[in-house]
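We did not get these values from a lab; they are worked out from the coordinates using the rules stated. This is a predicted model, so every value here is computed, not measured. Don't worry about glycine lacking a Cβ; one is built from the backbone with ideal geometry, like all the others, and counts go over all protein chains shown.
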Amino acid sequence: MPALHIGHIPLANRLFVAPMAGVTDRPFRQLCKALGAGYAVSEMVTSRKDLWNSLKTSRRANHEGEPGPIAVQIAGTEAAMMAEAAVYNIERGAEIIDINMGCPAKKVCNKWAGSALMQNEALAVEIAAAVVEAARPYNVPVTLKMRTGWCSEHRNAVVLARQFEGVGIQMLTVHGRTREQGYKGFAEYDTIAAVKQAVSVPVVANGDIDSPEKARDVLARTGADAVMVGRAAQGRPWIFREMAHFLETGEHMAPPLVAELRRLLLEHLQDHYSLYGEGTGVRSARKHIAWYVRSLPGGEQFRQHINTIEDCAVQWQAVADYLDALGQQMDRLPMATVATAGGATDAELDEPAGMTA
Ligand SMILES: Cc1cc2nc3c(=O)[nH]c(=O)nc-3n(C[C@H](O)[C@H](O)[C@H](O)COP(=O)(O)O)c2cc1C
């Protein structure tokens, strides 16, 4: 199969990690890419200029040592501000700009944004066109992520997809839920298939893809050019190589060795602490550790213990000790049973600074 391209940029494969605010930071994206993800979009960066110098935004804009292409997602409600945000990020290394119209948060920058924009088709298209025009002199392709529509009676992804393609959007990702659904219910793939039929730019299918079989089935059902995995990659970044292996051979890979998990997780933590620093790092690492151990023996008890530790070195050592002990009991992790767990509640997604999706 020929390589998939975003505009002129070739991608390593058709398995993408989804942008997840607070999760897919540079250390986690790098890990997913090293373990088989062909493409990763960074967490959303606001289009609000007054927040660009904030620590949170500068961490989100950190791409040090990350293998390309570097893709930055922007969110906002005004075309001119979004165009400016695109240029700001391009001048700081973004090779692809992704527009967020998929986030269910009620408000971004105190206005309806993210997937709420799908209700205002004229504004949504105006934003897409302005960002494409701003990125054009830099030869930077612009992509867009959306949902199937505003609500079940108003699934306008196909209508919008045609218009987005018309103004120069070079790839469309569709999460198979409506804005109204938040993260509830199940993703549906028929609308994604209809979007694929309607446009000639690459289409990426997203939503509830949590196993190699599901990746195969969604690709077949939608005809999409790629699949994007979010929650199922939390604490399981090797899911991408498992999917790649299954799609290639029809067979399952053996789960990772405990020794490999030990190396990956301890390196992930080091990288995490160096990005966030001691105080923030020890706390923000907890959710990652919890995801890694959630289906392991003693995992729940260990998670509770980790939440009491306030020091990076102590946290790191506790993880090392837990995995050393696990290594005495088993060589490999148990076969994954339930993959998707660490979701986002709609409340969690409504951050005051409007930075979340
Ligand atoms: C914690 C969390 C944060 C998210 N942040 C973003 C974001 O910044 N931008 C975005 O477009 N989507 C965001 N999403 C949505 C995901 O990219 C994806 O569309 C959704 O989780 C469905 O895919 P999944 O079923 O594979 O998780 C987020 C999802 C979660 C769970």
Using alpha carbons only, how many angstrom separate the centre of segment 1-75 from the centre of segment 147-170? 23 Å
Principal axis lengths of the chain from Cα atoms, whole Å, largest first? 59, 47, 36
Total formal charge among the other residues, if their Cβ is under 10 angstrom from that of Ser54, Lys/Arg +1 and Asp/Glu -1: +3
Please identify every one of the GluC sites (Glu not before Pro) in segment 246-312 that sits in a loop by DSSP and has no more than 13 other beta carbons within 10 Å of its own beta carbon. Glu251, Glu310
How about segment 48-104: which GluC sites (Glu not before Pro) there lie in a loop by DSSP and see at most 12 other Cβ atoms within 10 Å? Glu64
Is it possible to state the helix-based mean residue ellipticity at 222 nm for the chain, with each DSSP H run of 4+ residues giving -39500 (n - 2.57), the sum divided by total residues, to the nearest 500 deg cm²/dmol? What is it? -12500 deg cm²/dmol
How big is the charge dipole of the chain about its Cα centre, in debye rounded to the nearest 20, if each Lys and Arg gets +1 on its Cβ and each Asp and Glu gets -1 on its Cβ? 280 debye
Which of the pairs Lys56/Lys214; Lys184/Lys287; Lys49/Lys214 have their Cα atoms more than 29 Å apart in this structure? Lys56/Lys214; Lys49/Lys214
Relative contact order (%) - criterion: Cα under 8 Å, at least six apart; region: segment 258-329: 39 percent
Length-normalised contact order for the chain - Cα pairs under 8 Å, 6+ apart - percent: 16 percent
Can you sort Cys151, Cys312 from fewest to most other Cβ atoms within 10 Å of each residue's own Cβ? Cys151, Cys312
